[in-house]
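Visitor: I am attaching a structure below and will ask some questions about it afterwards.
The values are calculated or read from the model by the stated rules, or taken from the named source; none is laboratory data. Since the structure is predicted, the reported quantities are computational estimates derived from the model, not experimental observations. When we count neighbours, we look across all protein chains shown, and the Cβ atoms used for this are built from the backbone with ideal geometry, even at glycine. What goes into the accessible areas is simple: the full protein's heavy atoms, side chains included, and nothing from ligands, DNA or RNA. Shrake-Rupley method; radii C 1.70, N 1.55, O 1.52, S 1.80 Å.
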Amino acid sequence: MVKSKEVLLEIKDLQIQGYSDEQWVDIIKGVDLTLHRGEVLGLIGESGAGKSTIGAAAMGYARDGTRISGGSIEFDGMELTTATEAEKRSLRGNRIAYVAQSAAASFNPAHKIIDQHTEAPLQYRLKKRLEAQEDAIDLYNRLRLPNPEEIGFRYPHQVSGGQLQRAMTAMAMSCRPDLIIFDEPTTALDVTTQIEVLAAIRDIVDQFNTAAIYITHDLAVVAQMADTIKVLLKGEEVEEATTKEMLDNPQEDYTKSLWAVRSFKRPQKSRPKDGVPLISVRNVDASYTGGAKVLDDVSFDVYEGMTVAVVGESGSGKSTTARVITGLLPPSKGEVLFKGEPFPPDYRNRTKDQLRQCQMIYQMADTALNPKVRISEIIGRPAAFYQGLRGSELKSRVDELLDLIELEPSKFYNRYPPELSGGQKQRIGIARALAANPTFIICDEVTSALDQLVAEGILRLLDRLQKELNLAYMFITHDLATVRSIADEVVVMQHGKVVEQGPKDEMFKPPHHPYTDLLLSSVPEMDPDWLTTLLEERGVDNVGEAASSEIDPDDAKVQGTNI
C-alpha cells in the first residue's frame, strides 16, 4: 500500500519530567517525532529510554508521577498539550487506541471479551450494540481468530495468550482509529504465537491505512513492522532512519551496540557419568480439576550445577510442569524425585528443608514483588523463614544477597519495588530465591519482559551465580536465543508432551522433530522481508495459520494454567 504523505501526528521538542526524591527531573529531553497516515514508526531502546512514556504522550497522556513540561504534540490539527481533558478523552479509544504489552493483565477477567470490545463504539455512539457485536465478529475473522462467531463470548482466561493479544488488537480497531500505539504487544508470547500476532497487526494496519507507533526492545520484531525506526537512550533521540537503512548501516555507536547484543554464550556442560540427578521428573501426568489432561508422560532430569531449558509455545505444559515440581499441582500419575528420593507431591506435605531446596524466579517482576514492601523485607522474609535469621544476622544476609546480585546494599536496602528499573526488580526476584539457599531454581521466562541489553546482564548474573553456588536451573523460555546462551540440555514440549530432548549442541543441529523445526524457523531475523517470506513459504494467507500448532480454544481450562 502506498503510504500517505499527510502528517497525522507531529511532536516537537517534547519534554517530560518525572517526580523523584522530592523533585522534578527530566526524563524526555526534547524529542521530535513525525508520523504520516498509514505509516508505522518503531521506537526502540533499552529499559528507561522513554519509549512507553512517549507512546502515552502521543495520546496527550502523562503517566502517574510524570508531567509534560514542554514542547508540542499535535494530532490531526489538535494541540494536545493545551487541549481540555474532555477533548483528549474524546480521542482516546476512538481516534487513538492503545494495545498493551500483556492482554491477560489488561482485559477485565469478569467480563466477556466481546462486551469489552463493544464498550468504546457504544460509548462514542458510533454503533448500536448488535452492530458493534457484528463488527467485532468481522474483525475476529479478519484477524483469523478461531470460531470468530463464538470466541468473543468467552472470558479472557478461556482463550490462549496469542488469541487474546489478537482480540485486543481487534478491540483497538473497534472505532477505526487513525493511530494505534502498540506497547510491546508480543513480548510475552512464544515465537509461533508471535508470528500470528505480528502478521495480524501488520494486516489490520494495511487494511485500514492506520498509523502506528510500535514500541519494542526486540530489533528483529521491529524490522518486520516498521517503515521507520527511531532509537532512544535515556530520554533522548540517538538516530532515526528507514528500517532498511537502520538495519544495514546504523550510524551511532549505541545503535551498533544494540545490534550486537546477545554476545554471551557459555559452553555446554555434560552430565556427570555416574551422578544421580538432582531433580527427576518421571512419567508425570497431570490434570486440573474437571479439565483435560495437561501433562502426558513427561520425563526429564536436571543435574547439579546444570541448566535444562524447557521450550514450547503457550499451553505446551512448561509452567504446568513447574507447578508439579514445586508441589502446587500434584500429578495424577508419575512422580518427582529429589536426589533419587520421592518429593511429596503436595507442597503442604513437604518439610521446610524440602521446600527450601526448590525456589522460583517469576516472569513479571512487576507483579511478583509487593510494591508496598521494602526490598530488605522482600529478601529478608525467606532468609528468616528458612534459616531462622534475626536482627543483625538477617541484615548481614540481606546485604550479602544484594552484593551477590550486584546491587549496592546502602542504596537499595530501604527502597520499594516501584523505585527500581525492570532489570533491578528482576535481580531482587533472584535474590529472594537465593535467600532460601536452594539447590534448584526454576526460572520462568525471567528475561522475556526485559530489553536485550538488560536481559543479557541477567543471563550473565545467573551464570555467575550458578558457578559460585553450584545451582541447577530449569529455564522455562520461548526465546531460543536465550536457550543458545545459557542451556546445557533442552526439553521441547508440545500439547503437554515431551517431543524431543537432548544436549543443546545436538538439539540445534538437524534433523529435528517437525515441531522443533517449527520453533526454530519461527525465530524472527533482522531482515524486513523475513515475515513475508516465512508466511509465503508456509502457504499462509496473512495470519491465523502461521502457527498450526496452537491449542484449540475449546481446551479452555488448559489456557489459564501457566504460573
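Visitor: Using 1/(1 + (r/R0)^6) with R0 = 45 angstrom and r between the beta carbons of Glu400 and Ser521, what's the FRET efficiency to the nearest 0.05?
Guide: With a Förster radius of 45 Å, E is 0.50.
Visitor: Something else about it: Determine the distance separating the Cα centre of region 276-297 from the Cα centre of region 161-210; give it in Å without decimals.
Guide: Centre-to-centre distance over Cα atoms comes out at 34 Å.
Visitor: Now, a different point. Using only Cα atoms, tell me the angle between helix 161-172 and the longest principal axis of the chain; keep it within 0 to 90° and round to the nearest 10.
Guide: 20
Visitor: To the nearest whole percent, what portion of all C-alpha pairs in region 292-353 is separated by more than 14 angstrom?
Guide: 61
Visitor: With the calculation restricted to Cα positions, what are the radius of gyration and Dmax of region 156-210 in angstrom?
Guide: For region 156-210, the Cα-based Rg and Dmax read 11.1, 31 Å.
Visitor: Mind grabbing the base-10 log of I(q)/I(0) for region 279-522 at q = 0.08, 0.13, 0.14 Å⁻¹? Debye formula, identical points on the C-alpha positions, no solvent, two decimal places.
Guide: For region 279-522, the Cα-only Debye profile gives -0.31, -0.81, -0.94.
Visitor: Determine the gain in length on full extension of the stretch Asn437-Glu393; use 0.36 nm per residue of separation and subtract their C-alpha separation, reporting nm with one decimal. Mind dumping the intermediate values first?
Guide: Working: separation 44, 0.36 × 44 = 15.84 nm, distance 1.50 nm.
Fully extending the segment from Asn437 to Glu393 adds 14.3 nm.
Visitor: Of Lys425/Lys497; Lys352/Lys395; Lys88/Lys234, which pairs sit farther than 29 Å apart, going by alpha carbon to alpha carbon?
Guide: Lys425/Lys497
Visitor: With a/c under 1.5 counting as rounded, go ahead and sort the chain into rounded, prolate or oblate using the C-alpha gyration tensor (a ≥ b ≥ c being the square roots of the eigenvalues; past the cut-off, prolate if a/b is larger than b/c, else oblate). Display every interim value, and only then the final one.
Guide: Working: a/c = 1.70, a/b = 1.36, b/c = 1.25.
Prolate shape, in that a/c is at least 1.5 and a/b is the bigger ratio.
Visitor: Here is a further query. Run the dipole for the chain about the Cα centre, Lys and Arg Cβ at +1, Asp and Glu Cβ at -1, nothing else charged, and hand back the magnitude in debye, nearest 20.
Guide: Using Cβ point charges on Lys, Arg, Asp and Glu, the chain gives about 1900 debye.
Visitor: Sticking with this one: Tell me, what is the Rg over Rh of region 31-105, with Rh the Kirkwood radius over Cα pairs?
Guide: Rounded to two decimals, Rg over Rh is 0.94.
Visitor: Bin by bin, in steps of 5 Å, what percent of the Cα pairs in region 204-301 do you find, going until the bin that has the longest distance?
Guide: 2, 9, 13, 13, 8, 6, 7, 9, 11, 14, 7, 1, 0
Visitor: Pulled fully out, how much extra length does the chain show between Asn470 and Glu506, if you take 0.36 nm times their separation in residues and subtract their Cα-Cα distance?
Guide: 10.5 nm
Visitor: In degrees between 0 and 90, to the nearest 10, how far off the longest principal axis of the chain does helix 391-404 point, with axes built from Cα atoms?
Guide: 60
Visitor: Still on this structure, please answer the following. At 0.36 nm per residue, and after removing the present C-alpha to C-alpha distance, how many nm does the segment from Met78 to Lys5 gain when stretched out fully? Can you show the working numbers first?
Guide: Numbers: separation 73, 0.36 × 73 = 26.28 nm, distance 1.82 nm.
Fully extending the segment from Met78 to Lys5 adds 24.5 nm.
Visitor: While we're looking at this one, here's another question. Using alpha carbon centroids, what distance separates region 395-472 and region 478-526, in Å?
Guide: Between the Cα centres of region 395-472 and region 478-526 lies a distance of 26 Å.
Visitor: Then there's this: By the gyration tensor of its Cα atoms, with a ≥ b ≥ c the square roots of the eigenvalues, what is the shape of region 239-376: rounded for a/c under 1.5, prolate for a/b over b/c, or oblate?
Guide: Here region 239-376 falls in the prolate category.
Visitor: Another question, then. Just name one of Ile151, Leu164, Leu407: the one whose Cα is farthest towards the positive end of the charge dipole of the chain (beta-carbon charges, Lys/Arg +1, Asp/Glu -1).
Guide: In the chain, that residue is Leu407.
Visitor: Once region 9-70 is represented by equal point scatterers at the alpha-carbon sites, with solvent omitted, what log10 I(q)/I(0) does the Debye formula produce at q = 0.15, 0.20, 0.22, 0.24 Å⁻¹?
Guide: Log-scaled intensity ratios, in q order: -0.45, -0.78, -0.92, -1.07.
Visitor: While we're on this one: Give the share of C-alpha pairs in each 10 angstrom bin for region 319-441, from 0 to the last occupied bin, in whole percents, shortest bins first.
Guide: With 10 Å bins starting at 0, P(r) equals 13, 40, 30, 15, 2.
Visitor: How tilted is helix 452-469 with respect to the longest principal axis of the chain? Cα atoms for both, answer in degrees (0 to 90, nearest 10).
Guide: That helix lies at roughly 10 degrees to the long axis.
Visitor: With a 1.4 Å probe and all protein chains left in place, how much accessible area per residue does region 279-522 have, in Å²?
Guide: Details: 9630 Å² over 244 residues.
For region 279-522, the solvent-accessible area averages 39 Å² per residue.
Visitor: I'd like to know how region 7-261 sits against the 2.2 N^0.38 Å rule of thumb: what's its Cα Rg over that expected value?
Guide: On the way: Rg = 18.2 Å, N = 255, 2.2 N^0.38 = 18.1 Å.
Dividing the Cα Rg of region 7-261 by 2.2 N^0.38 Å gives 1.01.
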